[in-house]
Amino acid sequence: MFSRSGKAKDVATPRIVDVVWHDGEFIKWNDARVHVMSHVLHYGSSVFEGIRCYATKRGPAIFRLREHMQRFLNSAKVYRMDHDWTIDDFCNASVELVRRSGLEQCYIRPILFRSLDEEHPAFGVNPFPNPLACYIGAWDWGKYLGDEAIEQGVDVQVSTWNRLTPNSLPAMAKSGANYMNSQLIKMEALLNGFAEGIALDDRGYVSEGSGENIFVVSNGVVNTPPLSSSVLPGITRDSVIQICGELGITIKERSIQRAALYVADEIFFSGTAAEITPIRSVDRIKIGNGKRGEITEQIQKVFFEITAGERPAPGPWLTYVREQETPAGNNGFGEKAADELSSASPLEPAGTVRAAALK
Ligand SMILES: Cc1ncc(COP(=O)(O)O)c(C=O)c1O
């Protein structure tokens, strides 16, 4: 699992979408490359998103696309990444990418980062001289914490690493740099034989997992740490809060002590990758009866029915890709681009996939 080559033998290679959206054009996966002296590689200067597109009877549907793209814009704003893209540009690009992929379901990864101007290179920490680059890639991603985890739950530990402090690296911005902290939490957990770690905030209250928000159920009440505990404002977290509202389950944002984890009736993670994953033990202490709890199952069921398009969502949560208009005109998604779609299969070597120039 931890080979030096980075080839982890227990991680399946995902099916990759062979085209990538880049600054307004579609390019081949193999052409989506950066210079090794790019600012982002040395100083962590990126912001990104993770979005799931679900298979439904009405074709692929992207879950809470606008909310994700709004968070993407917010993250960029925090890091003073000034660009001209709008939320509609990013939403349309994602829809078009999924359409071109031919996949029924996938994971979408927008990323905006400080690159390198090769004619006028700049290597200092000061990010301003470095140009911004934006890409959106996609691949087919299965269950993040394993297929069984959704039903059986996962064993986790409380990490020895704390989550970020609000005035060091803001957890509310989804920046690449934050994930060095996540990697410390994740690696420690894996090496100790756990599926995931839970980090405490700088005051010792429960914060979140390396890539998931957390919910703690006690006496029929669902509790989750507030944003002030250095958590990412998760889109799935928000979905769980709204689903609880619809189901009449009391939900409270409140500071949670570490010990409250051990005596909880149920605990679960939420996240785009992890979806709703029950936690069956923390630090080898059984949670509840050591199985997925009833309230967790209820919320999970509604969540999966909504994402499958089988149950109305509390809001316009699904963007049905095949029902969106193909944006025409000079933004690169016109007729010519659509023609090229047939040669841009995600799984075969594509022919000409570069779409008409956008700008
Ligand atoms: C640190 C962290 N917390 C929480 C989440 C869950 O957020 P969301 O539900 O928006 O995917 C993620 C995943 O993106 C994450 O990386």
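Taking 1 over the mean of 1/r across every pair of different Cα atoms in region 184-226, what Kirkwood radius in Å do you get?
11.3 Å
Rounded, prolate or oblate: pick one for region 270-317, where a ≥ b ≥ c are the square roots of the eigenvalues of its C-alpha gyration tensor, a/c under 1.5 means rounded, and failing that, prolate if a/b is larger than b/c, else oblate.
Prolate, since a/c reaches 1.5 and a/b exceeds b/c.
Ignoring everything except DSSP H segments at least 4 long, calculate the 222 nm mean residue ellipticity for the chain; use -39,500 (n - 2.57) per segment, divide by total residues, nearest 500.
After summing the helix terms and dividing by residue count, I get -7500 deg cm²/dmol.
Just to verify a number: FRET efficiency for ASP88 and ASP238, C-beta to C-beta distance, R0 = 25 Å, to 0.05?
My answer for the efficiency is 0.75.
Checking the a/c ratio against 1.5 first, then a/b against b/c, what shape does the Cα gyration tensor give for region 1-135?
oblate
Over 21 Å between C-alpha atoms is what I'm after, so list which of LYS186/LYS301; LYS143/LYS252; LYS28/LYS57; LYS77/LYS174; LYS252/LYS286 land there.
Where the Cα-Cα span goes over 21 Å, the pairs concerned are LYS186/LYS301; LYS143/LYS252; LYS28/LYS57; LYS252/LYS286.
Label region 87-184 by shape, choosing from rounded, prolate and oblate, from the square roots a ≥ b ≥ c of the eigenvalues of the Cα gyration tensor; if a/c is under 1.5 it is rounded, and otherwise prolate applies when a/b is larger than b/c, oblate when it is not.
In terms of gyration-tensor shape, oblate.
First compute the accessible area of region 1-133 with a 1.4 Å probe, then give the percent of it belonging to carbon and sulfur atoms.
52 percent
Starting from region 33-103, pick out the trypsin sites (Lys or Arg not before Pro) whose DSSP state is loop and whose Cβ has at most 12 other Cβ atoms within 10 Å.
ARG33, LYS57, ARG58, ARG80
Against the longest principal axis of the chain, how steep is helix 235-247, in degrees 0 to 90 to the nearest 10, with axes from Cα atoms?
So the helix axis and the longest Cα principal axis differ by about 50 degrees.
I need the Kirkwood Rh of the chain: take the reciprocal of the average 1/r across all distinct C-alpha pairs and report it in angstrom.
That comes to 21.4 Å for the chain.
Over the chain, with the other protein chains present, what is the accessible area per residue in square angstrom, probe 1.4 angstrom?
47 Å²
Percent relative contact order of region 42-183, based on C-alpha pairs within less than 8 angstrom and at least six residues apart?
Value for region 42-183: 32 percent.
Take the Cα atoms of region 226-280, find their three principal axes, and give me the spread along each one in whole Å, biggest first.
28, 25, 21
Looking at the P(r) of region 193-328, how many percent of alpha-carbon pairs lie beyond 23 Å?
33 percent
Roughly to the nearest percent, how much of the accessible area of region 177-336 is carbon and sulfur, given a 1.4 Å probe?
Accessible surface attributable to carbon and sulfur in region 177-336 totals 49 percent.
The values are calculated or read from the model by the stated rules, or taken from the named source; none is laboratory data. Everything quoted here is computed from the prediction, not taken from an experiment. Quick reminder, even Gly has a Cβ in these numbers, built from the backbone with ideal geometry, and neighbours come from all protein chains shown. For the accessible areas, the whole protein counts, side chains as well, though only heavy atoms, and no ligand, DNA or RNA atoms are used. Shrake-Rupley method; radii C 1.70, N 1.55, O 1.52, S 1.80 Å.
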